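**Q** The structure's right below; bear with me while I get my questions together.
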Amino acid sequence: MKICLGTYPWAFDVPGGGERQLQFYSDALLRAGHKWPAVEFSFFDPWQPEFSGMHLMHYFSCMPSSRDFLDHVKSKRGIPLAISPNFWPDPEGWELSGALENIKTILWLADRVIVNSRIEEEALVRLCKIDSSKISVVYNAVGDCFFDSVNPDIFRKAYGIDGPFVLNVGNVEPRKNQLAFLKSLKAFPDLQLVTIGGVREQSYLDACIQEGEGQFQLIDPLPPGSELIRSAMAACEFFAMPSLRETPSIASLEAGAAGSRIMTTSLGSPTEYFEQHAVYVNPYDLADMREGVEAILARPKDAALVERIRNLYRWDVVVEQLVDAYSAVLGTDLRMKK
């Protein structure tokens, strides 16, 4: 049984959560290969597409430009499709961009749509008329290394950071909302926002630099799970992800596992993951974000959040849900022995 993982060609130019998810799923599937020994996993190679031996394609993204490729896989080659949309349903935005019909077509092509929360499942059923029987929930997760203690001084010394700072891990782009958060952070002049990530829009970065003045520092992406990024999570006052939508962010979960206090957006599905263990803010409301900063600074660190993530949201745990989703598509229990 051969299962292929793929995404659109330029996805890893500035990788985000969807690309990290693809890599982490793949790593976890291979680590637990003894549990499903009859399955071979591979990445799709456009130069040598081995459709004839493929039993399932798991595609990460519903970029409108992917429609023709996915139609070829499903309709021309007869290969079942599992699709991880890795976005938040936004029909109004899709209508404005002209992408709505292509996205619906892609999701309707799927034999299984794999989402990251029950909240996201409900949104797709309601807004895109997806049959709920075609949807599987497979949660985002963290690597076990984030539960290990790391010296916070490693990150501070590497980047010359002396004072208190707020950590944000994500690409600099409007959806991540760093610009508005910097405006709200002016009420806390002693706090610096340190963002670790790539740049999706140069003009947006320029605006963040101008707005932030001495309160903003951008650091190039660090290797996932590296000692430096875990040290940053140990050193920060709190982790902030005030995005316009999240499903949630993998980085937020990693920071929570590392013991950081979490302030995140109220929009999307973070509440399903963090429950009462985070502070939630309206990303469109500067006053609400200021109140969120005050609230998170007044909170103690939350050991219960660390244990919640350890029990529910590790890659080696959630990958079991993923294999169940594959089994449902293929009509066979992939855990069966050869």
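The values are calculated or read from the model by the stated rules, or taken from the named source; none is laboratory data. Keep in mind the model is a prediction, meaning the values are calculated, not measured. No Cβ is skipped: glycine too gets one built from the backbone with ideal geometry, and neighbour counts run over all protein chains shown. Accessible surface is based on the protein model in full, side chains and every heavy atom, while ligands, DNA and RNA are left aside. Shrake-Rupley method; radii C 1.70, N 1.55, O 1.52, S 1.80 Å.
**Q** Six or more apart or on different chains, Cβ under 8 Å: which pairs go from a residue in the range 54-71 that's assigned to a strand (DSSP E or B) to one that's of a type in the set (Asp, Glu) and open to solvent by less than 60 Å² (accessible area, probe 1.4 Å)? Could you list them?
**A** Short answer, once both residue conditions are applied: Phe60/Glu19.
**Q** Here is a follow-up. Give the number of residues within the range 50-71 that are surrounded by fewer than 16 Cβ atoms within 10 Å (Cβ to Cβ) and either closer than 16 Å to Leu22 by Cα or out of contact with any helix residue (DSSP H, G or I) (no Cβ under 9 Å at 6 or more places or on another chain) (or both).
**A** So the count comes out to 4.
**Q** What number goes with the only condition from (1) of a type outside the set (Phe, Trp, Tyr); (2) part of a helix (DSSP H, G or I); (3) within 21 Å of the chain's Cα centre (by Cα) that Ala207 does not pass?
**A** Only one criterion is unmet by Ala207, namely (3).
**Q** Can you say whether Leu218 is open to solvent by 40 Å² or more (accessible area, probe 1.4 Å), at pLDDT 95 or above, within 18 Å of Val166 (Cβ to Cβ) and assigned to a helix (DSSP H, G or I), as far as the supplied structure shows?
**A** So Leu218 does not fit the description; no.
**Q** Another one. Among the listed residues Val125, Val199, Val169, which satisfies the condition of being among the β-branched types (Val, Ile, Thr) and open to solvent by less than 30 Å² (accessible area, probe 1.4 Å)?
**A** Step by step, each of Val125, Val199, Val169 is checked, and only Val169 is among the β-branched types (Val, Ile, Thr) and open to solvent by less than 30 Å² (accessible area, probe 1.4 Å).
**Q** Looking at Gln210, is it polar (S, T, N, Q), free of Cβ contacts under 8 Å to residues at least 12 places away in the same chain and either over 25 Å from Glu275 (Cβ atoms) or open to solvent by less than 30 Å² (accessible area, probe 1.4 Å) (or both)?
**A** In short, yes.
**Q** To continue, here is another question. So which residues in the range 229-250 are touching a Pro at 6+ places or on another chain (Cβ under 9 Å) and closer than 18 Å to Arg314 by Cα, if there are any at all?
**A** Passing the criteria: Ile229, Met233, Thr247, Pro248, Ser249, Ile250.
Quick grid of which residues meet (1) of a type in the set (A, V, I, L, M, F, W, C); (2) not in a helix (DSSP H, G or I):
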{"site": "Tyr273", "(1), (2)": "no, no"}
{"site": "Gln276", "(1), (2)": "no, no"}
{"site": "Tyr280", "(1), (2)": "no, yes"}
{"site": "Arg290", "(1), (2)": "no, no"}
{"site": "Leu297", "(1), (2)": "yes, no"}
{"site": "Lys301", "(1), (2)": "no, yes"}
{"site": "Ile309", "(1), (2)": "yes, no"}
